[in-house]
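What follows draws every value from the coordinates through simple rules; no lab data is involved. This structure is a prediction, so every number in the text was calculated from the model and none was measured. Ideal geometry is used to build each Cβ from the backbone, glycine not excepted, and the neighbour counts take in all protein chains shown.
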Amino acid sequence: GGSGPAVEENLCKICMDSPIDCVLLECGHMVTCTKCGKRMSECPICRQYVILNDTIHSPFTVFPSSNGYRRKLSGGL
């Protein structure tokens, strides 16, 4: 199946709904989705004050499983 610890590990630690796709530029931690990251005033890991964050663009963020990624690329389910 597509769910389990590996998928959960890649979910935003704030909303637990969206994939992690945001890096907090001051400390470099990657724990949130862009929506939650934009609302952060401090990093939930190290409590460093957050001024900037950036969205990352990685196929592994969208498809954390390499098998799922390969299936998506080949047009399979």
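Here the simple spin-label model places points 7 Å from the Cα toward Cβ, and for Glu8 and Cys27 these points are separated by 2.3 nm. Extending 7 Å from the Cα toward the beta-carbon at both Met16 and Ile45 defines two label points whose distance is 2.0 nm.
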